[in-house]
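*Asks:* What follows is a single structure, and I will ask about it in a moment.
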Amino acid sequence: MANKITYTRPFLYNYQKKILNSEARFTVTEASTKVGKTASHIIWLFEQALSLKANQAVWWVAPVYAQAEIAFNRMRAQVNDRDFFKANETKLKLTLPGGSIIQFKSAEKPDNLYGDDVYAAVFDEFTRAREESWFALRSTLTSTQGKCKFIGNVKGKKNWGYRIAQRAKQNEPNFEHFKITAYDAAAEGLLPMEEIEQAKRDLPESVFRELYLAEPSEDGSNPFGISYIHQCTYPISSSPAVCYGVDLAKSSDYTAIIGLDKNGSVCHFERFQKDWRSTTQEILALPNAQIAIDSTGVGDPIAEDIARVRDVELFKFTSISKQQIMEGLALAIQQRKITFPEGMITSELEQFEFEYTRTGVRYSAPAGLHDDCVCALALAWHKFRTSAGMSGHYAII
(Lines give C-alpha, C1' and ligand atoms only; values in the text may rest on other atoms or scores of the structure.)
Protein backbone atom coordinates (compact mmCIF):
# COMPACT_ATOMS: atom_id res chain seq x y z
CA MET A 1 0.00 0.00 0.00
CA ALA A 2 1.34 3.41 -0.96
CA ASN A 3 2.56 5.72 1.76
CA LYS A 4 0.05 8.39 2.75
CA ILE A 5 1.41 11.94 2.57
CA THR A 6 -0.09 14.62 4.78
CA TYR A 7 0.52 18.03 3.25
CA THR A 8 -0.40 21.49 4.49
CA ARG A 9 0.44 24.40 2.23
CA PRO A 10 2.80 26.83 3.97
CA PHE A 11 1.81 30.44 4.57
CA LEU A 12 1.75 32.58 1.44
CA TYR A 13 1.33 36.30 0.95
CA ASN A 14 -1.64 37.46 -1.09
CA TYR A 15 0.34 38.27 -4.25
CA GLN A 16 2.07 34.87 -4.04
CA LYS A 17 -1.29 33.09 -3.85
CA LYS A 18 -2.55 34.86 -6.97
CA ILE A 19 0.40 33.63 -9.01
CA LEU A 20 0.36 30.07 -7.68
CA ASN A 21 -3.41 29.73 -8.09
CA SER A 22 -3.46 31.09 -11.65
CA GLU A 23 -5.17 28.84 -14.18
CA ALA A 24 -2.93 30.07 -17.00
CA ARG A 25 -0.55 27.53 -18.46
CA PHE A 26 2.29 30.06 -18.50
CA THR A 27 2.64 32.74 -15.84
CA VAL A 28 5.30 35.42 -16.22
CA THR A 29 6.25 37.22 -13.01
CA GLU A 30 8.48 40.28 -13.16
CA ALA A 31 9.47 40.94 -9.57
CA SER A 32 11.56 42.99 -7.20
CA THR A 33 14.43 41.34 -5.43
CA LYS A 34 13.65 39.67 -2.08
CA VAL A 35 9.86 39.45 -2.39
CA GLY A 36 9.55 35.68 -1.94
CA LYS A 37 9.27 34.60 -5.55
CA THR A 38 11.68 31.67 -5.13
CA ALA A 39 10.16 30.41 -1.86
CA SER A 40 6.61 30.53 -3.22
CA HIS A 41 7.46 28.80 -6.48
CA ILE A 42 9.32 26.04 -4.64
CA ILE A 43 5.99 25.38 -2.91
CA TRP A 44 4.15 25.31 -6.25
CA LEU A 45 6.63 22.91 -7.86
CA PHE A 46 6.48 20.60 -4.84
CA GLU A 47 2.68 20.54 -5.10
CA GLN A 48 2.89 19.66 -8.79
CA ALA A 49 5.23 16.76 -8.00
CA LEU A 50 2.89 15.45 -5.29
CA SER A 51 0.19 14.86 -7.91
CA LEU A 52 2.40 12.79 -10.24
CA LYS A 53 3.10 9.10 -10.61
CA ALA A 54 6.41 7.30 -10.22
CA ASN A 55 9.18 8.48 -12.60
CA GLN A 56 7.20 11.49 -13.76
CA ALA A 57 9.26 14.66 -13.37
CA VAL A 58 9.02 18.38 -12.75
CA TRP A 59 11.94 20.75 -13.28
CA TRP A 60 13.40 23.86 -11.73
CA VAL A 61 15.54 25.59 -14.38
CA ALA A 62 17.99 28.38 -13.46
CA PRO A 63 20.55 30.28 -15.57
CA VAL A 64 23.58 28.65 -13.90
CA TYR A 65 24.30 25.56 -11.81
CA ALA A 66 24.92 27.53 -8.60
CA GLN A 67 21.42 29.05 -8.71
CA ALA A 68 19.84 25.65 -9.37
CA GLU A 69 21.75 24.26 -6.38
CA ILE A 70 20.41 27.04 -4.12
CA ALA A 71 16.83 26.12 -5.05
CA PHE A 72 17.64 22.41 -4.55
CA ASN A 73 18.83 23.06 -0.99
CA ARG A 74 15.89 25.32 -0.20
CA MET A 75 13.44 22.67 -1.42
CA ARG A 76 15.00 20.11 0.92
CA ALA A 77 14.94 22.56 3.84
CA GLN A 78 11.25 23.41 3.39
CA VAL A 79 10.11 19.87 4.27
CA ASN A 80 10.28 19.22 8.03
CA ASP A 81 11.08 15.52 7.58
CA ARG A 82 14.71 15.33 6.38
CA ASP A 83 14.17 11.74 5.21
CA PHE A 84 11.13 12.62 3.11
CA PHE A 85 13.14 12.93 -0.11
CA LYS A 86 15.55 10.48 -1.62
CA ALA A 87 18.24 12.98 -2.63
CA ASN A 88 20.87 12.71 -5.35
CA GLU A 89 23.13 15.67 -4.65
CA THR A 90 25.30 15.06 -7.70
CA LYS A 91 22.36 15.33 -10.12
CA LEU A 92 20.38 17.79 -7.97
CA LYS A 93 17.46 15.38 -8.01
CA LEU A 94 14.83 14.76 -5.32
CA THR A 95 12.60 11.69 -5.44
CA LEU A 96 9.34 11.76 -3.50
CA PRO A 97 7.97 8.71 -1.62
CA GLY A 98 5.56 8.03 -4.50
CA GLY A 99 8.42 7.98 -7.00
CA SER A 100 7.83 11.33 -8.72
CA ILE A 101 10.94 13.44 -9.33
CA ILE A 102 11.91 17.06 -8.81
CA GLN A 103 15.07 17.93 -10.72
CA PHE A 104 17.05 21.16 -10.65
CA LYS A 105 18.67 22.07 -13.95
CA SER A 106 21.13 24.61 -15.29
CA ALA A 107 20.24 26.49 -18.47
CA GLU A 108 23.90 27.07 -19.34
CA LYS A 109 23.85 24.38 -22.06
CA PRO A 110 20.41 24.37 -23.73
CA ASP A 111 21.08 21.09 -25.54
CA ASN A 112 21.14 19.33 -22.16
CA LEU A 113 17.49 20.26 -21.58
CA TYR A 114 16.09 18.35 -24.54
CA GLY A 115 14.72 14.84 -24.36
CA ASP A 116 12.65 14.29 -21.21
CA ASP A 117 8.92 14.70 -20.73
CA VAL A 118 8.37 17.33 -18.05
CA TYR A 119 5.02 17.77 -16.31
CA ALA A 120 5.62 21.22 -14.80
CA ALA A 121 8.51 23.67 -14.64
CA VAL A 122 9.74 26.85 -13.02
CA PHE A 123 12.15 28.98 -15.05
CA ASP A 124 14.02 30.98 -12.42
CA GLU A 125 15.67 34.33 -13.37
CA PHE A 126 14.58 33.72 -16.94
CA THR A 127 15.64 37.21 -18.10
CA ARG A 128 19.26 36.25 -17.41
CA ALA A 129 19.15 32.98 -19.37
CA ARG A 130 19.48 32.29 -23.09
CA GLU A 131 16.34 32.08 -25.20
CA GLU A 132 17.54 28.74 -26.59
CA SER A 133 17.05 27.32 -23.09
CA TRP A 134 13.38 28.27 -23.21
CA PHE A 135 13.04 26.63 -26.63
CA ALA A 136 14.45 23.42 -25.17
CA LEU A 137 12.33 23.57 -22.02
CA ARG A 138 9.21 24.29 -24.06
CA SER A 139 9.77 21.13 -26.09
CA THR A 140 9.84 19.01 -22.93
CA LEU A 141 6.39 20.34 -21.92
CA THR A 142 4.76 19.51 -25.26
CA SER A 143 3.56 15.94 -24.84
CA THR A 144 2.53 16.50 -21.20
CA GLN A 145 0.99 19.93 -21.87
CA GLY A 146 2.70 20.93 -18.65
CA LYS A 147 2.63 24.35 -17.04
CA CYS A 148 5.60 26.67 -16.69
CA LYS A 149 6.07 29.62 -14.34
CA PHE A 150 8.65 32.26 -15.24
CA ILE A 151 10.09 34.31 -12.37
CA GLY A 152 12.83 36.92 -12.31
CA ASN A 153 14.00 40.52 -12.09
CA VAL A 154 13.65 42.67 -15.18
CA LYS A 155 16.81 43.34 -17.17
CA GLY A 156 16.35 46.02 -19.78
CA LYS A 157 14.35 45.48 -22.96
CA LYS A 158 16.83 43.89 -25.32
CA ASN A 159 16.17 40.32 -24.23
CA TRP A 160 13.69 37.55 -24.92
CA GLY A 161 12.48 37.65 -21.30
CA TYR A 162 11.15 41.17 -21.80
CA ARG A 163 9.41 40.08 -25.01
CA ILE A 164 7.69 37.10 -23.42
CA ALA A 165 6.57 39.31 -20.53
CA GLN A 166 5.03 41.71 -23.06
CA ARG A 167 3.19 38.79 -24.67
CA ALA A 168 1.75 37.93 -21.29
CA LYS A 169 0.79 41.57 -20.71
CA GLN A 170 -1.07 41.54 -24.02
CA ASN A 171 -3.24 38.67 -22.73
CA GLU A 172 -2.11 36.12 -25.27
CA PRO A 173 -3.92 32.79 -24.87
CA ASN A 174 -2.54 30.62 -22.04
CA PHE A 175 -0.44 33.48 -20.60
CA GLU A 176 -0.90 35.64 -17.50
CA HIS A 177 1.38 38.43 -16.33
CA PHE A 178 2.21 39.40 -12.74
CA LYS A 179 4.33 42.22 -11.35
CA ILE A 180 5.60 42.45 -7.77
CA THR A 181 7.37 45.56 -6.51
CA ALA A 182 9.26 46.04 -3.29
CA TYR A 183 6.41 48.26 -2.12
CA ASP A 184 3.97 45.37 -2.64
CA ALA A 185 6.15 43.29 -0.35
CA ALA A 186 6.32 46.13 2.18
CA ALA A 187 2.53 46.39 2.18
CA GLU A 188 2.35 42.67 3.07
CA GLY A 189 4.94 43.10 5.83
CA LEU A 190 7.63 41.07 4.07
CA LEU A 191 10.12 43.93 3.53
CA PRO A 192 10.75 46.92 5.80
CA MET A 193 10.02 50.24 4.11
CA GLU A 194 13.22 51.72 5.53
CA GLU A 195 15.29 49.13 3.64
CA ILE A 196 13.62 50.02 0.35
CA GLU A 197 14.14 53.75 0.88
CA GLN A 198 17.79 53.14 1.79
CA ALA A 199 18.28 51.13 -1.41
CA LYS A 200 16.69 53.98 -3.34
CA ARG A 201 19.31 56.36 -1.90
CA ASP A 202 22.19 53.93 -2.43
CA LEU A 203 21.54 52.78 -6.00
CA PRO A 204 21.43 54.56 -9.37
CA GLU A 205 17.82 55.29 -10.35
CA SER A 206 17.81 52.88 -13.31
CA VAL A 207 19.19 50.05 -11.16
CA PHE A 208 16.71 50.72 -8.34
CA ARG A 209 13.79 50.79 -10.76
CA GLU A 210 14.75 47.43 -12.24
CA LEU A 211 15.60 45.63 -8.98
CA TYR A 212 12.92 47.09 -6.71
CA LEU A 213 10.13 48.37 -8.97
CA ALA A 214 10.37 45.71 -11.72
CA GLU A 215 10.57 48.41 -14.39
CA PRO A 216 12.97 47.80 -17.29
CA SER A 217 15.45 50.57 -17.93
CA GLU A 218 15.00 52.82 -20.93
CA ASP A 219 17.25 51.58 -23.72
CA GLY A 220 16.87 54.42 -26.19
CA SER A 221 15.03 52.36 -28.80
CA ASN A 222 11.51 53.58 -27.93
CA PRO A 223 10.44 56.50 -30.17
CA PHE A 224 7.88 57.87 -27.71
CA GLY A 225 9.75 57.80 -24.39
CA ILE A 226 8.45 55.72 -21.47
CA SER A 227 8.11 58.71 -19.15
CA TYR A 228 6.13 60.63 -21.79
CA ILE A 229 3.80 57.64 -22.27
CA HIS A 230 3.11 57.59 -18.53
CA GLN A 231 2.37 61.34 -18.55
CA CYS A 232 -0.28 60.85 -21.25
CA THR A 233 -1.99 57.92 -19.54
CA TYR A 234 -5.49 58.88 -18.40
CA PRO A 235 -8.88 57.10 -18.13
CA ILE A 236 -10.77 56.67 -21.37
CA SER A 237 -12.86 59.68 -22.30
CA SER A 238 -16.67 59.56 -22.33
CA SER A 239 -16.97 62.25 -25.03
CA PRO A 240 -17.99 61.38 -28.61
CA ALA A 241 -15.34 60.61 -31.19
CA VAL A 242 -14.44 63.14 -33.88
CA CYS A 243 -12.11 60.76 -35.73
CA TYR A 244 -11.04 57.12 -35.84
CA GLY A 245 -7.93 55.20 -36.77
CA VAL A 246 -8.36 51.60 -37.95
CA ASP A 247 -5.52 49.09 -38.28
CA LEU A 248 -6.70 45.94 -40.03
CA ALA A 249 -5.63 42.44 -39.02
CA LYS A 250 -3.01 40.60 -41.00
CA SER A 251 -2.74 36.81 -40.48
CA SER A 252 -2.30 36.36 -36.71
CA ASP A 253 -2.62 40.09 -35.88
CA TYR A 254 -5.62 41.93 -34.47
CA THR A 255 -7.85 44.64 -35.91
CA ALA A 256 -7.66 47.72 -33.70
CA ILE A 257 -10.09 50.65 -33.78
CA ILE A 258 -9.29 53.80 -31.79
CA GLY A 259 -11.39 56.95 -31.62
CA LEU A 260 -10.29 60.38 -30.38
CA ASP A 261 -12.58 63.07 -28.97
CA LYS A 262 -12.30 66.81 -29.70
CA ASN A 263 -9.48 67.15 -27.12
CA GLY A 264 -7.35 64.36 -28.59
CA SER A 265 -8.26 61.87 -25.85
CA VAL A 266 -9.02 58.23 -26.62
CA CYS A 267 -12.76 57.72 -26.22
CA HIS A 268 -13.24 54.50 -28.19
CA PHE A 269 -11.09 51.37 -28.24
CA GLU A 270 -11.66 47.94 -29.78
CA ARG A 271 -9.22 45.14 -30.55
CA PHE A 272 -10.43 41.86 -32.02
CA GLN A 273 -9.94 39.00 -34.46
CA LYS A 274 -12.91 38.45 -36.76
CA ASP A 275 -13.59 37.45 -40.33
CA TRP A 276 -13.54 40.17 -42.99
CA ARG A 277 -17.33 40.43 -43.19
CA SER A 278 -17.74 40.95 -39.44
CA THR A 279 -14.82 43.38 -39.40
CA THR A 280 -16.43 45.42 -42.20
CA GLN A 281 -19.71 45.56 -40.28
CA GLU A 282 -17.90 46.74 -37.13
CA ILE A 283 -16.27 49.61 -39.02
CA LEU A 284 -19.42 50.62 -40.89
CA ALA A 285 -21.31 50.71 -37.57
CA LEU A 286 -18.99 53.39 -36.16
CA PRO A 287 -20.67 56.77 -35.49
CA ASN A 288 -20.33 59.44 -38.15
CA ALA A 289 -16.78 60.82 -37.88
CA GLN A 290 -13.57 61.11 -39.87
CA ILE A 291 -11.82 57.74 -40.41
CA ALA A 292 -8.31 56.82 -41.52
CA ILE A 293 -8.05 53.14 -42.32
CA ASP A 294 -5.05 50.95 -43.10
CA SER A 295 -5.22 49.81 -46.72
CA THR A 296 -1.89 48.00 -46.86
CA GLY A 297 -1.57 44.52 -48.35
CA VAL A 298 -4.44 42.23 -47.37
CA GLY A 299 -6.28 45.20 -45.89
CA ASP A 300 -6.65 46.87 -49.26
CA PRO A 301 -9.80 45.04 -50.52
CA ILE A 302 -11.75 45.53 -47.27
CA ALA A 303 -10.70 49.17 -47.04
CA GLU A 304 -11.85 49.80 -50.61
CA ASP A 305 -15.19 48.10 -49.87
CA ILE A 306 -15.71 50.41 -46.91
CA ALA A 307 -14.69 53.45 -48.99
CA ARG A 308 -17.55 52.71 -51.38
CA VAL A 309 -20.01 53.19 -48.52
CA ARG A 310 -18.34 55.78 -46.27
CA ASP A 311 -16.00 58.70 -46.77
CA VAL A 312 -12.74 57.33 -45.37
CA GLU A 313 -9.05 57.99 -45.94
CA LEU A 314 -7.23 54.93 -47.26
CA PHE A 315 -3.76 55.00 -45.76
CA LYS A 316 -1.02 52.79 -47.15
CA PHE A 317 1.85 51.99 -44.80
CA THR A 318 5.25 52.30 -46.45
CA SER A 319 8.58 52.77 -44.74
CA ILE A 320 8.30 56.53 -45.37
CA SER A 321 4.61 57.00 -44.50
CA LYS A 322 4.92 54.89 -41.35
CA GLN A 323 7.92 56.91 -40.22
CA GLN A 324 5.99 60.13 -40.80
CA ILE A 325 2.89 59.23 -38.79
CA MET A 326 4.92 57.58 -36.02
CA GLU A 327 7.01 60.72 -35.67
CA GLY A 328 3.77 62.72 -35.60
CA LEU A 329 2.42 60.50 -32.82
CA ALA A 330 5.71 60.73 -30.92
CA LEU A 331 5.58 64.52 -31.05
CA ALA A 332 1.96 64.52 -29.83
CA ILE A 333 2.88 62.26 -26.90
CA GLN A 334 5.96 64.25 -25.96
CA GLN A 335 3.97 67.51 -26.12
CA ARG A 336 1.08 65.90 -24.17
CA LYS A 337 -1.46 66.67 -26.87
CA ILE A 338 -3.01 63.18 -26.73
CA THR A 339 -4.16 60.88 -23.92
CA PHE A 340 -4.93 57.17 -23.79
CA PRO A 341 -6.02 54.64 -21.13
CA GLU A 342 -3.64 52.27 -19.38
CA GLY A 343 -3.68 48.72 -20.69
CA MET A 344 -3.20 47.29 -24.15
CA ILE A 345 -2.45 50.64 -25.78
CA THR A 346 0.21 51.67 -23.26
CA SER A 347 1.73 48.18 -23.30
CA GLU A 348 2.24 48.32 -27.07
CA LEU A 349 3.51 51.90 -26.93
CA GLU A 350 6.11 50.91 -24.33
CA GLN A 351 7.48 47.96 -26.29
CA PHE A 352 7.40 49.69 -29.71
CA GLU A 353 10.86 50.18 -31.23
CA PHE A 354 12.73 51.99 -33.95
CA GLU A 355 16.06 51.15 -35.54
CA TYR A 356 18.23 52.73 -38.19
CA THR A 357 18.64 50.65 -41.34
CA ARG A 358 20.41 51.14 -44.64
CA THR A 359 17.18 52.43 -46.19
CA GLY A 360 16.03 54.67 -43.31
CA VAL A 361 14.30 54.34 -39.94
CA ARG A 362 12.25 51.21 -39.26
CA TYR A 363 9.35 51.35 -36.78
CA SER A 364 7.82 48.12 -35.47
CA ALA A 365 7.00 45.93 -32.50
CA PRO A 366 9.70 43.47 -31.35
CA ALA A 367 9.59 40.03 -32.98
CA GLY A 368 6.58 38.01 -31.84
CA LEU A 369 4.64 41.00 -30.47
CA HIS A 370 1.90 43.22 -31.91
CA ASP A 371 1.70 46.88 -32.91
CA ASP A 372 -1.93 47.11 -34.05
CA CYS A 373 -2.90 49.51 -31.24
CA VAL A 374 0.08 51.77 -31.97
CA CYS A 375 -0.77 51.87 -35.67
CA ALA A 376 -4.46 52.59 -34.99
CA LEU A 377 -3.53 55.36 -32.54
CA ALA A 378 -1.09 56.87 -35.04
CA LEU A 379 -3.78 56.77 -37.75
CA ALA A 380 -6.30 58.38 -35.40
CA TRP A 381 -3.86 61.17 -34.50
CA HIS A 382 -2.98 61.65 -38.17
CA LYS A 383 -6.69 62.11 -38.95
CA PHE A 384 -7.20 64.35 -35.92
CA ARG A 385 -4.30 66.58 -36.90
CA THR A 386 -5.10 66.86 -40.61
CA SER A 387 -8.89 67.09 -40.51
CA ALA A 388 -10.42 70.52 -41.05
CA GLY A 389 -11.37 72.23 -37.81
CA MET A 390 -9.32 69.87 -35.61
CA SER A 391 -5.98 71.63 -35.60
CA GLY A 392 -6.92 74.01 -32.79
CA HIS A 393 -7.95 71.32 -30.30
CA TYR A 394 -5.46 69.55 -28.08
CA ALA A 395 -5.66 67.48 -24.94
CA ILE A 396 -6.06 69.57 -21.77
CA ILE A 397 -3.92 68.05 -19.00
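*Asks:* Give segment 53-69 a look and list any residue that's part of a strand (DSSP E or B) and not aliphatic (A, V, I, L, M), or say none.
*Replies:* 59, 60
*Asks:* Within 26 Å of the chain's Cα centre (by Cα), surrounded by fewer than 18 Cβ atoms within 10 Å (Cβ to Cβ) and basic (Lys, Arg): which single residue out of 25, 76 fits that description?
*Replies:* 25
*Asks:* Here are 281, 273: which of them is closer than 27 Å to residue 319 by Cα and not hydroxyl-bearing (Ser, Thr, Tyr)?
*Replies:* After applying the criteria, what remains is 273.
*Asks:* Look through 77, 57 and report the one residue that is over 22 Å from residue 154 (Cβ atoms), without any contact (Cβ under 8 Å) to a residue 60 or more places away in the chain, in the same structural domain as residue 92 (by TED's automatic domain parsing) and not acidic (Asp, Glu).
*Replies:* When all the criteria are applied, what remains is 77.
*Asks:* Can you name the residue in segment 106-118 that is under 30 Å from residue 4 (Cβ atoms) and in contact with a strand residue (DSSP E or B) (Cβ under 7 Å, 6 or more places away or on another chain) and, of all such residues, is surrounded by the most Cβ atoms within 10 Å (Cβ to Cβ)?
*Replies:* Among those residues, the one meeting the criterion is 118.
*Asks:* What residue, of 56, 67, 103, is under 26 Å from the mean Cα position of the chain (by Cα) and closer than 26 Å to residue 22 by Cα?
*Replies:* Just one listed residue meets the conditions, 67.
*Asks:* Continuing with this model, one more query. Could you check residue 128 against (1) more than 26 Å from residue 166 (Cα to Cα); (2) surrounded by fewer than 20 Cβ atoms within 10 Å (Cβ to Cβ) and say which number it fails?
*Replies:* (1)
*Asks:* Okay, next question. Could you check, for segment 170-182, whether at least one of its residues is under 26 Å from residue 355 (Cβ atoms) and either touching a Pro at 6+ places or on another chain (Cβ under 9 Å) or part of a helix (DSSP H, G or I) (or both)?
*Replies:* No; the residues of segment 170-182 include none that is under 26 Å from residue 355 (Cβ atoms) and either touching a Pro at 6+ places or on another chain (Cβ under 9 Å) or part of a helix (DSSP H, G or I) (or both).
*Asks:* A further question follows. Show me the strands (runs of 3 or more DSSP E) found entirely inside segment 208-294 where at least 1 residues are among the acidic types (Asp, Glu) and farther than 30 Å from residue 153 by Cα.
*Replies:* Once the strands (runs of 3 or more DSSP E) in segment 208-294 are filtered for at least 1 residues that are among the acidic types (Asp, Glu) and farther than 30 Å from residue 153 by Cα, what remains is 243-247, 266-272, 290-294.
*Asks:* If you don't mind, another one. Which number in (1) more than 23 Å from residue 113 (Cβ to Cβ); (2) touching a strand residue (DSSP E or B) at 6+ places or on another chain (Cβ under 9 Å); (3) among the aliphatic types (A, V, I, L, M); (4) modelled with pLDDT under 95 marks the one condition that residue 5 misses?
*Replies:* Exception for residue 5: condition (2).
*Asks:* Taking segment 31-42 on its own, how many of its residues are buried (at least 19 other Cβ atoms within 10 Å of the Cβ) and not in a loop (DSSP other than H, G, I, E, B)?
*Replies:* Looking only at that region, the number is 6.
*Asks:* Determine which member of the set 236, 226, 196, 257 is farther than 18 Å from residue 344 by Cβ, surrounded by 14 or more Cβ atoms within 10 Å (Cβ to Cβ) and aliphatic (A, V, I, L, M).
*Replies:* Residue meeting the stated conditions: 196.
*Asks:* If you don't mind, another one. List the residue pairs whose Cβ atoms are under 7 Å apart, where the first residue sits in segment 200-213 and is without any contact (Cβ under 8 Å) to a residue 40 or more places away in the chain, the second is of a type in the set (D, E, K, R) and part of a helix (DSSP H, G or I), and the two are 6 or more positions apart or on different chains.
*Replies:* Cβ pairs passing all conditions: 208/200.
*Asks:* Test residue 322 against the stated conditions and say whether it is among the basic types (Lys, Arg), assigned by TED's automatic domain parsing to the domain that holds residue 274 and assigned to a helix (DSSP H, G or I).
*Replies:* Taking the combined requirement at face value, the residue satisfies it.
*Asks:* Give the residue that is nearest to residue 378 (Cα to Cα), with candidates limited to residues of segment 248-267 that are under 23 Å from the mean Cα position of the chain (by Cα) and at pLDDT 95 or above.
*Replies:* Per the criteria, the residue is 258.
*Asks:* So residue 17 passes all but one of these: (1) in contact (Cβ under 8 Å) with a residue 12 or more places away in the chain; (2) basic (Lys, Arg); (3) outside any loop (DSSP other than H, G, I, E, B). Which condition number does it fail?
*Replies:* That leaves (1) as the condition not met.
*Asks:* When you scan segment 134-148, how many residues do you find that are assigned to a helix (DSSP H, G or I) and in contact with a Phe, Trp or Tyr (Cβ under 8 Å, 6 or more places away or on another chain)?
*Replies:* Number of matching residues: 5.
*Asks:* Tell me whether segment 332-348 contains one or more residues that are of a type in the set (Phe, Trp, Tyr), more than 24 Å from residue 261 (Cα to Cα), part of a strand (DSSP E or B) and touching a helix residue (DSSP H, G or I) at 6+ places or on another chain (Cβ under 9 Å).
*Replies:* No, there is no match, as no residue in segment 332-348 is of a type in the set (Phe, Trp, Tyr), more than 24 Å from residue 261 (Cα to Cα), part of a strand (DSSP E or B) and touching a helix residue (DSSP H, G or I) at 6+ places or on another chain (Cβ under 9 Å).
*Asks:* Sticking with this one: Residue pairs, Cβ under 7 Å, 6 or more apart or interchain, first in segment 161-173 and assigned by TED's automatic domain parsing to the domain that holds residue 132 and within 18 Å of residue 256 (Cα to Cα), second at pLDDT 95 or above and among the aromatic types (Phe, Trp, Tyr). List them.
*Replies:* Sorted first by the residue in segment 161-173, then by its partner, the pairs are 167/175.
*Asks:* I've got another one for you. Report, by residue number, each residue of segment 353-382 that is modelled with pLDDT of 90 or more and either in a strand (DSSP E or B) or over 17 Å from residue 272 (Cα atoms) (or both).
*Replies:* Residues satisfying the conditions are 378, 379, 380, 381, 382.
The values are calculated or read from the model by the stated rules, or taken from the named source; none is laboratory data. In this text the structure is predicted, and so the values were computed from the model without any measurement. For neighbour counting, all protein chains shown are included, and Cβ atoms are generated from backbone atoms with ideal geometry for every residue, glycine included.
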